[in-house]
Each structure stands twice: as C-alpha cells, then as structure tokens.
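Accompanying notes for the structure given below.
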Amino acid sequence: MVTSTAQAPAKFEKPLSIEDMLIGKSPIMGTLRDMVRRVANSSASVMICGPSGSGKEVVARAIHNASPRASKPYVALNCGAIPAELIESELFGHERGAFTGAQTRRTGHFENADKGTLFLDEIGDMRFDMQVKLLRVLEDGLISRIGGNSNIPVDVRIISATHQKIDKAILDGRFREDLFFRLGVVVLQVPDLAQRVEDIPQLIAHFQKGRTGQICHFDTDALQRLSMHDWPGNVRELRNVIERANILFGGETIDAFGVDQLLGKTMPKLAPLPVLSVVESAPVSFNAPIDLKAQVERMELERIQMALHHAEGVISEAARLLTLKRTTLIEKMRKYRLEKIAA
Ligand SMILES: Nc1ncnc2c1ncn2[C@@H]1O[C@H](COP(=O)(O)OP(=O)(O)OP(=O)(O)O)[C@@H](O)[C@H]1O
C-alpha cells in the first residue's frame, strides 16, 4: 500500500484547474470550489473533513495546484496507514545510526515538502504523543531529525484530512484541541455523494473521459436508479461501479435493471429451478384445439430458465447461450418476471 508520495516534478507542468479536478454542478460543489479558490491564495492550514471516498485528497491537491506553491513539492502521508513507531521518522527523518536499522541518513516529509505542501491524511488516527510533537513543529517552524541535534527551519503548508468527527474526537480526549486550532485555521467539509446526486452524470462523464476500449452508457432510468442509491463509499464507489460497468457491459446501454445488477441488488444466487415440464415431449392430439401461443411461451420460459441456470445467473452469458441480444433477454425476463433469479 502506498502511504506517502512526494512529487517535485523535474519540469513543471501546468497543473489541472480546480474546475477540472473537482467535478460536480451541484450548488454544494460550487461552494466548495469557491472555498478552495479562496484558501489556495493563502498559506493557512486547512483541515478537510468528510466521509471516506468523498474526495478529500482531491480537494487537497486542488488547493495545492491553485496555490502559489504549485510548482513546489506536494507530499502526502497517510497517518492512519503508518505504524505509530515509524511516523516520527517519516515526518522528521533520522540521522544515520539513530536507531537499529537506520543505516543511512533519511530526510522526512517535512523537509521533502519544504516550500510546498504537506498533506496529512487520516490525521484523526495520529497517536496522542505524536500530536504533541507535530504541534511543536507547527508552532516553531523547526524540525529536528531523530538522532540529530540541529533544528532545521521548514516552510511547509499543512493540509490535513479526516473522515472522523473531529469535534467528538476532541471531546473524547483522542485529539488535542490546540492541534486542531493549528491545523484547522480553515475547515472544509466535503459532502457525501448522496447529498449531491445531481453530480452523478458529470462524474460518470469524467471517469469515462480518455478511457480506451468500449465504454458503457446509462439510459435515463439507469441514471435515475443510480441517484436513488445511498453511496456509502461515495465517489470512490461510483468510480468502481463505472469500472465494473465497462468491463461487463462495454459498448452497451445499461438500463435500471443493469444498475441493480451492478450494485448487487439482485439476488446473488439462483433460486432453485422449478420442475420443468418438457413441452416438446408432451403428446399433441388435436382432439381439441391447442393454445399454441401459451405452449410456445412455456417453452421459451423453460429455455430461458435453463440458460440462466447454466450461466449461473449471468445474463450476458445466458443471452449468448440462447443467441439473443442481452437487452432482448432482459425484456423477456421481465415479461416472465425472472429478474430475481439473475446474479
Ligand atoms: N469531485 C470529484 N471530482 C472528481 N473525482 C473525484 C471527486 N471526488 C472524488 N473523486 C475521485 O474519487 C476517488 C476517491 O477520492 P479521494 O481519495 O480524494 O477520497 P477521500 O475522501 O480522500 O477518501 P479516504 O477518506 O478514503 O482517503 C478518487 O478516485 C478521486 O479521484
């Protein structure tokens, strides 16, 4: 797992604009873009709060890209993913021989981010003793490598993020209030995707842009169905759904039923097949008129059930077995109320 990144491109390329990075036409996203624009011009510490997958890191990058520090390094560290005993050395670096295994001198993220931006993700997970050390550095603007005895001045803009309710963490005594005041000079809240479902079509277009290979499309019912989902994984979940949709239905237009499949809302396992009557072998006597239409339909239903069973509920595979278009099969499944048995 990548827990930290340092980016100081040899050749400075014009960074993406706030509009290109923070997609969404909802008023709430418009307000967020506006706030990002305002804070970008200062060096104030910004704390970004919001649920997982909502785009906190995108906001952090957008602030850096729009700031006068854009041509300087942007360094990211996931405080939640690094063992507590390593975080100090990650942040401040160490001198050779500072501890067992420290065979060479290593600069930390503060030094690597000098003149640029340091993004501290999952700051709410930082251990209390480390919070004290971080606060001291923010107050003095000086760091000292582990095992070193000199104080090194650093000019770093700090952006932090957390999915936790930071006010509760402070009340519970898990997060220092004084550190919060230092880190959250400006606090930005990134909304849940469920609060701005009108952004979904634009986000889909954004994720499909520049993709090679066949992409899928969503009809109006499908978009409607997507907007009814509660999106616990937020924009990250939407991105994954689109990726899955391209793999399974590339080149096709997805309807509401397809969305249910993608979101796993249809039954995952096939219901047991009802006992099939084999129409073909039924004796036909014309002593009385037969209902040809009903018999053909029964046979059609049975063949579809068999194909779905054979394909373990995967509609595209069942359609292939029946040499039908997937959409035709879906229409027939609706007619026979078979939706529930697809995977
Ligand atoms: N407004 C947006 N416009 C375009 N892409 C977005 C937007 N918000 C989120 N994304 C995309 O969604 C995914 C998740 O975003 P990101 O990693 O920034 O979320 P996060 O809130 O930092 O998540 P976590 O709390 O798990 O670290 C990324 O692929 C990101 O590019």
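Values in this text are rule-based calculations from the coordinates and carry no lab data. Model, not experiment: these values are computed from the prediction. Neighbour counts are summed over all protein chains in view; Cβ atoms, including those assigned to glycine, are modelled from backbone coordinates with ideal geometry.
Table for the structure above
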{"read-out": "Where the Cα pairs of the stretch 197-265 fall when distances are cut into 10 Å bins, in %", "value": "21, 64, 15"}
{"read-out": "Placed amide H near Ile48: partners under 5 Å, 5+ positions off or other chain", "value": "Ser160, Ala161, Thr162, Leu188"}
{"read-out": "Computed lengthening from Ala194 to Lys325, 0.36 nm per intervening residue step minus Cα-Cα distance", "value": "43.8 nm"}
{"read-out": "Kirkwood hydrodynamic radius (C-alpha pairs) into Stokes-Einstein, the chain, 10 °C and 1.306 mPa s, D in µm²/s", "value": "66 µm²/s"}
{"read-out": "Label point distance in nm, Asp230-Ser316, each placed 7 Å from Cα along Cα→Cβ", "value": "3.0 nm"}
{"read-out": "Angle between the chain longest axis and helix 128-140 axis [Cα atoms, degrees, rounded to 10]", "value": "50 degrees"}
{"read-out": "Centre separation in Å (Cα based) which lies between the stretch 80-131 and the stretch 195-260", "value": "39 Å"}
{"read-out": "Label-point gap, in nm, between Thr253 and Thr104 - each point 7 angstrom along Cα→Cβ", "value": "5.8 nm"}
{"read-out": "Rounded to whole Hz, the Karplus (6.51, -1.76, 1.60) HN-Hα couplings of the stretch 298-313, x for glycine and proline", "value": "4, 5, 4, 4, 4, 5, 5, 4, 4, 5, 5, 5, 4, 8, 6, x"}
{"read-out": "Tilt relative to the chain, helix 234-249 - C-alpha long axis, 0 to 90 degrees, to 10", "value": "40 degrees"}
{"read-out": "Extreme residue, positive dipole direction of the chain, given options Leu188, Leu142, Phe257 (C-beta unit charges)", "value": "Leu142"}
{"read-out": "Ordering of 313-322, 110-119 by packing [mean C-beta count within 10 Å, highest first]", "value": "110-119, 313-322"}
{"read-out": "For the chain, size of Cβ-based charge dipole, Lys and Arg +1, Asp and Glu -1, in debye", "value": "500 debye"}
{"read-out": "Electrostatic dipole magnitude of the stretch 293-343 [Cβ: Lys, Arg +1; Asp, Glu -1; Cα centre; debye, to 20]", "value": "200 debye"}
{"read-out": "Distance (nanometres) between label positions extended 7 Å along Cα→Cβ at Phe181 and Arg337", "value": "6.6 nm"}
{"read-out": "Cα-based Rg of the stretch 12-71 normalised by 2.2 N^0.38 Å, two decimals", "value": "1.07"}
{"read-out": "Nearest-0.05 FRET efficiency for Leu86 and Leu263, computed from C-beta distance (R0 30 Å)", "value": "0.20"}
{"read-out": "Sequence-distant lysines (8 or more away, or on other chains) whose Cα lies within less than 23 Å of Lys265", "value": "Lys325, Lys332, Lys335, Lys340"}
